[in-house]
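Asks: What follows is a structure written as structure tokens; I'll ask about it next.
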Amino acid sequence: MKYLSILLIIISGTLSAATLKSGPMLGHTALRGANIWIETNEPTVVKIKYWQKDDAKNSYVVSAKTSKETYNMHTFKLDNLEPGLSYDYQIIVDGKAFPEKKETYSFTTQQLWMWRTDPPAFSVLTGSCNFENEEAHDRAGTPYGGGYEIFDAIAKQDAEMMLWLGDNWYYREVDFDAEQNLIYRASKDHGRDFLQPIYQKFSNYAIWDDHDFGPDNSGSYFIFKEKALDIFKNIWANPSYGMPEADGIFTKVRYNDVDFFLMDGRYHKSNENFPDGPEKQMFGPEQILWLKNQLVASRQPFKVIVGGSQMLNDYHRWEGWDKYRYERDSFLKWLDETKIEGVIFLSGDKHHTELLKIPRENAYPLYELTCSPFTAGTHEKYIDSEREKPILVQDTLVGQKNFCKLSFDGPRKDRNITIESFDADGKTLWSKKFKQSVLTYSQHGN
């Protein structure tokens, strides 16, 4: 009888052990669909019950089983939704609602404004470089990460979308020397408590840079890149990843009247020291062709090209598309010849924030916003030299930990964009606003 009681206790403990480890995280949110990601602490059955707000009697339930093959993660792709409506939902793990003290989460689908009204005003929060300390495996000396209260400030912002610009976690030497170790870092740092309010409040989208892909400055030659890609696809809830002709994480996100082209600057990237020419690439010919087709097809007033590393800066020593001139300059020449309007570049990685303005002859200037870091170490010691760049927009260089916000408003044919940087407490550091007409050939950016 004694051993039977012990066995029953063990069985009971095992049966009740399944719980939500991380999430829920709201991912891609469309007109009639929404992606919701979760992670459990062990394989189990998870359900989402969802309904239009104030109409719980007419609910839908979708079910899935998490497994070790997908790292106990799953992205639910909800349907039966309608545009511009708010929905409540509940997570049920192994038959138990989670968490007990919060009955529901919520989200709102995008509005069906096309051919009907002016586009809605909306905002996108963004930034990069989140380093979460782990003394046992970090390098000796002063901890590289800190200031995690910045995520509290982000969660208090009024916005619809959160765009993670890479280095969303930092693989260490103990992680990337064996592919089975990569998931430890990704799961642990993606699941930090202070990130959960952001995951639940905004529609989250992400790209990667070197540190959440593999080793520092790594690229296509990283031997575990397939594993890194598999983890990234399972841990985020983007609309898609790559194309049949080219693997990777690149995709397009249309939010209201803005197209965001999320680029993959790692999976196909040549080593920076490879001789420049047709064989040296950051994005690769298939991805560049995909981007060109997307830009030609886009009719949106703002077209935001999103990359992990800086793309337009020729005045720095760090990683960037400027080290791949054959590929980059060919694309920029095509961009000018095709007269694509409304293009803005957005990047992270640099451990400081700045807005760059690159003039072009008989064309509007190209702007690139770089936003970094969230919590990783800053490049404050390089700030004075960074001020010397002729392409730097005055008063936009930030050497402290910060995040950024892009806001879009105005009537359909006269939209505005406001770009802001905020410190770790949510205080505005700088703000710049300009009209979509600044990014047209008719005004040459003047």
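Asks: Given the criteria assigned to a loop (DSSP other than H, G, I, E, B), among the hydroxyl-bearing types (Ser, Thr, Tyr), over 16 Å from CYS129 (Cβ atoms) and in contact with a Leu (Cβ under 8 Å, 6 or more places away or on another chain), does THR396 qualify? Full working, then the answer.
Replies: Numbers: assigned to a loop (DSSP other than H, G, I, E, B): yes; among the hydroxyl-bearing types (Ser, Thr, Tyr): yes; over 16 Å from CYS129 (Cβ atoms): yes; in contact with a Leu (Cβ under 8 Å, 6 or more places away or on another chain): yes.
Yes, satisfied.
Asks: Okay, next question. Every residue in region 286-314 that is out of contact with any Ser or Thr (no Cβ under 9 Å at 6 or more places or on another chain) and open to solvent by 60 Å² or more (accessible area, probe 1.4 Å), please.
Replies: GLU286, LEU289, ASN293, ALA297, ARG299, ASP314
Asks: Any chance you could count how many residues in region 242-274 are assigned to a loop (DSSP other than H, G, I, E, B) and either open to solvent by less than 50 Å² (accessible area, probe 1.4 Å) or within 20 Å of PHE345 (Cα to Cα) (or both)?
Replies: Total meeting the criteria: 14.
Asks: Can you find, within region 117-133, the residue that is most open to solvent (accessible area, probe 1.4 Å) among those that are of a type in the set (Gly, Ala, Ser) and assigned to a loop (DSSP other than H, G, I, E, B)?
Replies: By that ranking, first place goes to ALA121.
Asks: Report yes if ILE154 is farther than 22 Å from ILE36 by Cα, surrounded by 17 or more Cβ atoms within 10 Å (Cβ to Cβ) and of a type in the set (A, V, I, L, M), otherwise no.
Replies: The answer is no for ILE154.
Asks: Still on this structure: Taking the condition of being open to solvent by 10 Å² or more (accessible area, probe 1.4 Å) and either in contact with an Asp or Glu (Cβ under 7 Å, 6 or more places away or on another chain) or part of a helix (DSSP H, G or I) (or both), how many residues in region 173-186 meet it?
Replies: As a first pass, look at region 173-186 and keep what is open to solvent by 10 Å² or more (accessible area, probe 1.4 Å): 173-174, 176-181, 183-184.
Subsequent filtering for residues that are either in contact with an Asp or Glu (Cβ under 7 Å, 6 or more places away or on another chain) or part of a helix (DSSP H, G or I) (or both) retains 173-174, 176, 179-181, 183-184.
Of the residues in region 173-186, 8 are open to solvent by 10 Å² or more (accessible area, probe 1.4 Å) and either in contact with an Asp or Glu (Cβ under 7 Å, 6 or more places away or on another chain) or part of a helix (DSSP H, G or I) (or both).
Asks: Anything in region 192-237 that is in contact with a strand residue (DSSP E or B) (Cβ under 8 Å, 6 or more places away or on another chain) and surrounded by fewer than 18 Cβ atoms within 10 Å (Cβ to Cβ)? List them, or say none.
Replies: Within region 192-237, just GLN196 meets the criteria.
Asks: Would you check if there is a residue in region 103-111 being at pLDDT below 95 and either open to solvent by less than 30 Å² (accessible area, probe 1.4 Å) or polar (S, T, N, Q) (or both)? Before the answer, list the steps.
Replies: Filtering region 103-111 for residues at pLDDT below 95 gives 103-104.
Subset that is either open to solvent by less than 30 Å² (accessible area, probe 1.4 Å) or polar (S, T, N, Q) (or both): 104.
Yes, there is a match, as at least one residue in region 103-111 is at pLDDT below 95 and either open to solvent by less than 30 Å² (accessible area, probe 1.4 Å) or polar (S, T, N, Q) (or both).
Asks: Which condition number does ALA97 fail, the rest of (1) touching a residue at least 12 places away in the same chain (Cβ under 8 Å); (2) assigned to a strand (DSSP E or B); (3) out of contact with any Lys or Arg (no Cβ under 8 Å at 6 or more places or on another chain) being met?
Replies: Of everything listed in (1) touching a residue at least 12 places away in the same chain (Cβ under 8 Å); (2) assigned to a strand (DSSP E or B); (3) out of contact with any Lys or Arg (no Cβ under 8 Å at 6 or more places or on another chain), ALA97 misses just condition (1).
Asks: Is at least one residue of region 43-66 in a loop (DSSP other than H, G, I, E, B) and open to solvent by less than 20 Å² (accessible area, probe 1.4 Å)?
Replies: Initial filter on region 43-66 (in a loop (DSSP other than H, G, I, E, B)): 43-44, 53-58, 66.
Add one more test, that the residue is open to solvent by less than 20 Å² (accessible area, probe 1.4 Å), and what stays is 44, 66.
Looking through region 43-66, at least one residue is in a loop (DSSP other than H, G, I, E, B) and open to solvent by less than 20 Å² (accessible area, probe 1.4 Å).
The values are calculated or read from the model by the stated rules, or taken from the named source; none is laboratory data. Because the structure is a prediction, the values reported are computed rather than measured. As a convention, Cβ positions derive from the backbone with ideal geometry for all residues, glycine included, and neighbour counts pool all protein chains shown. These area figures cover heavy atoms from the full protein model, side chains too; ligands, DNA and RNA do not enter into them. Shrake-Rupley method; radii C 1.70, N 1.55, O 1.52, S 1.80 Å.
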